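Shown next, in structure tokens, is the structure this report addresses.
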Amino acid sequence: MKKILIVAMGSLCMFGSCSQDFLDEYPPHLITAGNFYQNENQLVMAANSVYNQLYNVWGPLSLPYAYGDAYGGDSYIFLTVGTSGDWFDMANDMNVFSASGPVESAWNSYYNGIFRVNDFLEELEAASSVITTPGLKDRLRAEALFVRGCFYYYLAQCFGGVPLVTEVLTPTQAIVLSQNTEAEIIAKVEEDLRFAVSNLPPSYNNQNRGRVTSHAARAMLARVFMSYGKNGEARELLEQVINSGQFTLDSNRDGVVGPEDYAHVFDAYTKNSPECVLELQFIHGITGRWHNYVENYTPTVPFFTFPGQTQPVGTWGLGAVEERLFEAFEPNDEVRRSISAVMFITNPSNGSPFFAPHTAKYYHGFRDLFNNGSNVPIIRYSEILLSYAELTNDAQYLNMVRSRAGLPGYGQPGYPSHINSLAEAIEHERRVEFSFEFQRGFDLRRTGRFLEVKGKELGRTLEPWRIHFPIPQNVIDVNTNMRQNQGY
């Protein structure tokens with residue numbers, strides 16, 4: 001059966017650093033796999049299209065947001081009743097149901113992305129005879145496996161056992177799949193990411209900047225290892241990233257590490273900060289090459305404008321800031337709070353404050369309208385340091401992050417007195433440092449504190465089965481081999 005590969009020009013996203021040349025290589029047409037791959041450059045273009053799937057992994061309404069921020073308790077939807085926002089409010093309250101549209105949409109989006117990766121891997125193998133550059137086949141395979149590994153990691157974290165698909169299936173084959181165990185899924189994730197670590201370079205030249213590096217793969221694999229108790233292996237990977245010398249908290253490279261470096265990372269015009277180990281890449285001002293995080297994560301207020309602008313911005317009101325997140329910032333943590341958690345905007349009709357909770361991380365520093373080409377950090381060096389502090393029980397790495405924020409370190413005068421242990425200090429720091437970067441729910445699950453912390457926030461006892469989302473009901477209705485998760 002001849003397959004058609006759709007190489008999309010839509011929301012473009014890549015990892016690491018990026019050049020306009022790399023972004024411009026995406027072909028805006030249908031490619032017939034059977035007769036297209038006549039040389040290795042064409043295979044490279046097909047591999048480029050796989051990077052489009054990373055927007056599906058970490059997009060505004062993806063599983064990382066739904067579980068990391070909404071289910072994690074730091075975000076809800078500041079939207080009217082009767083919209084998709086209702087579901088995310090229920091997620092915040094841990095009342096998710098199997099027939100919800102967002103759960104099914106995320107599931108379908110992830111498996112569509114997995115299909116595209118598997119399709120590319122099969123075509124790469126079939127056309128490998130046209131490759132003449134040593135190591136290129138393994139590098140392209142590693143890039144694709146990295147993408148697939150990310151898809152399956154979040155599926156396993158959010159749903160538990162899911163079908164493991166590693167080849168292109170027909171519709172008939174797909175509707176009789178059964179679930180693999182969560183352990184089996186994670187074993188495959190580890191295998192895919194290990195291959196990526198071993199076969200990707202630590203950096204690229206300017207022409208190929210934008211591709212995932214071995215350090216990004218190490219950082220992602222360390223996330224996986226920490227999530228499943230393989231702390232020794234995670235520590236070794238993080239040490240390699242730290243010792244590479246490629247990354248720093250000095251985002252603006254001025255030789256001084258301070259709060260302005262945090263602001264620099266999230267400035268809309270910062271590209272490829274030396275703090276970013278992994279980031280999605282977009283282009284300012286080119287239709288189809290920007291993102292819609294801004295429209296999603298800013299309030300549905302008719303008079304909402306970007307700072308310094310007068311024209312209102314049409315937005316969707318997702319990703320509102322929970323008051324308890326706002327209150328988690330220390331009084332002197334002004335830069336991080338002002339970027340991460342905005343609670344009020346000014347009503348231009350009377351100059352009064354208007355309640356509109358949202359994050360400014362995706363529009364900080366915008367200087368013109370609808371130019372949503374800011375890069376989106378996924379893994380930052382601060383995460384590497386805080387994870388290493390957790391694994392080594394060494395506060396110096398935590399205090400490096402706090403020093404950058406202009407705050408006293410753990411164990412130093414002025415540190416918050418209500419935080420009584422290093423583990424609690426790291427949990428607090430990760431919450432404020434990575435708010436709206438899709439982390440908190442996964443952090444609480446990793447440390448075994450999800451049910452305790454969320455139960456305390458919600459004022460009720462939570463059942464252990466709530467650690468997972470339900471399998472979408474339509475999936476079960478179509479495929480009788482699928483089992484619903486406990487409790488749903």
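Remarks
- Identity of the residue in region 267-283, open to solvent by 10 Å² or more (accessible area, probe 1.4 Å) and over 15 Å from the mean Cα position of the chain (by Cα), that ends up farthest from Tyr204 (Cα to Cα): Asp267
- Test result for Asp443, closer than 25 Å to Met220 by Cβ, more than 26 Å from the chain's Cα centre (by Cα) and modelled with pLDDT of 95 or more: no
- Taking the numbered list (1) under 17 Å from Pro64 (Cβ atoms); (2) at pLDDT below 95; (3) not β-branched (Val, Ile, Thr) in turn, Cys158 passes all entries but (2).
- Subset of region 63-77 that is open to solvent by less than 10 Å² (accessible area, probe 1.4 Å) and over 15 Å from His468 (Cα atoms) - its residue that is modelled with the highest pLDDT: Asp74
- Listed by position, the helices (runs of 4 or more DSSP H) contained in region 423-488 that have at least 1 residues being over 25 Å from Glu383 (Cα atoms) are 450-458, 473-478.
- Number of positions in region 306-334 that are surrounded by 17 or more Cβ atoms within 10 Å (Cβ to Cβ) and under 16 Å from Gly365 (Cα atoms): 2
- Scanning region 338-353 for residues that are within 30 Å of the chain's Cα centre (by Cα) and of a type outside the set (A, V, I, L, M) yields a count of 3.
- Failed item in (1) open to solvent by 20 Å² or more (accessible area, probe 1.4 Å); (2) touching a helix residue (DSSP H, G or I) at 6+ places or on another chain (Cβ under 9 Å); (3) of a type outside the set (Val, Ile, Thr), with Ala216 passing the rest: (1)
- Residue count for region 219-258, restricted to those that are crowded, with 20+ Cβ neighbours inside 10 Å and basic (Lys, Arg): 1.
- Hey, Gly101 closer than 30 Å to Glu452 by Cα, modelled with pLDDT under 95 and open to solvent by 20 Å² or more (accessible area, probe 1.4 Å) or not: yes
The values are calculated or read from the model by the stated rules, or taken from the named source; none is laboratory data. What you are looking at is a predicted structure, and each value in this text was computed from that prediction instead of being measured. Note that we place each Cβ from the backbone using ideal geometry, even for glycine, and neighbour counts take in every protein chain shown. What goes into the accessible areas is simple: the full protein's heavy atoms, side chains included, and nothing from ligands, DNA or RNA. Shrake-Rupley method; radii C 1.70, N 1.55, O 1.52, S 1.80 Å.
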